[in-house]
Amino acid sequence: MPTPDEQVIQDGQRAVAVSEVSGDFIYDGGATDVYCIVDNNGTAQRALKVANVGEGGGGGGGGTVDQTYDPTSTNAQSGTAVAEAVAPALKNTATGTNALTILGNTSSNNNSLNIGAYSTSNGIYSLSIGHYSSANMYSIAIGSSGAQASGNTSIAIGGYNAVATGGSSIQLGCGTNSTADSFQVFNYQMLDGTTGLIPAARIGTGYDATKTQVLKNVNGTLTWVDE
């Protein structure tokens with residue numbers, strides 16, 4: 001039998017052997033000191049002090065544990081209560097690699113992001129932010145109530161029904177841009193999808209594609225006039 005404070009090897013691990021020692025305390029190190037000196041049949045012997053920490057002891061146990069989450073309670077919160085508290089937190093529900101879905105339809109596409117109730121990422125590298133927003137592959141849709149970038153590599157930005165259906169088209173504000181490679185604000189095309197030029201109608205008033213016209217300053221307003 002090892003002495004009470006002897007270090008032993010048990011199952012490959014170092015441990016301290018503890019045996020019961022009877023006798024009077026010669027030295028009590030106090031509640032924070034695990035060592036004490038005991039007079040064991042006339043022999044001073046060092047011992048480990050073991051305290052009863054069960055119910056009714058000074059060290060703990062007992063008490064009320066809340067099973068339902070209560071942020072104002074001073075009681076301990078159980079695992080059930082903690083789970084209840086965490087449940088409403090925003091969570092990433094995406095299943096794709098490097099993907100993020102918060103509140104929207106779960107995205108299985110890699111490198112996609114959709115945030116907002118009923119938002120959808122329909123392809124890789126898509127970004128959709130806003131209520132009911134939707135973006136296809138390599139596209140961006142930002143806005144509430146139906147911003148949609150359904151053309152690949154398209155961009156739709158607007159607070160209500162900004163829709164870009166043409167490939168690589170850009171729509172700013174409410175309206176639908178179905179012309180590939182063009183830029184449109186509301187229902188006004190600002191950049192021609194074929195030439196990359198600003199349409200003549202956006203430069204001045206009175207434009208007529210059936211006539212030969214020149215652009216002039218008429219009383220402070222740029223106006224197309226017949227030659």
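The values are calculated or read from the model by the stated rules, or taken from the named source; none is laboratory data. What you see is a predicted model, and the numbers here were worked out from it, not measured in a lab. When we count neighbours, we look across all protein chains shown, and the Cβ atoms used for this are built from the backbone with ideal geometry, even at glycine.
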(request) Might you let me know whether the range 176-188 holds any residue that is charged (D, E, K, R), more than 19 Å from Leu100 (Cα to Cα) and in the same structural domain as Asn110 (by TED's automatic domain parsing)? (result) yes
(message) So Leu172 ticks every box in (1) buried (at least 20 other Cβ atoms within 10 Å of the Cβ); (2) over 16 Å from Ser134 (Cβ atoms) but one. Which box is left unticked?
(response) (1)
(message) Out of the residues in the range 87-136 meeting the condition of being closer than 21 Å to Asn152 by Cβ and of a type in the set (Phe, Trp, Tyr), tell me which one is surrounded by the most Cβ atoms within 10 Å (Cβ to Cβ).
(response) Tyr132
(request) Check off (1) at pLDDT 95 or above; (2) under 45 Å from the mean Cα position of the chain (by Cα); (3) surrounded by fewer than 18 Cβ atoms within 10 Å (Cβ to Cβ) for Pro199 and give me the number that stays unchecked. (result) (1)
(request) Give just the number: which of (1) assigned to a loop (DSSP other than H, G, I, E, B); (2) modelled with pLDDT of 95 or more does Ser145 not satisfy? (result) (2)
(request) State all residues of the range 206-227 that are of a type in the set (S, T, N, Q) and surrounded by 10 or more Cβ atoms within 10 Å (Cβ to Cβ); if no residue qualifies, say none. (result) Gln213, Thr221, Thr223
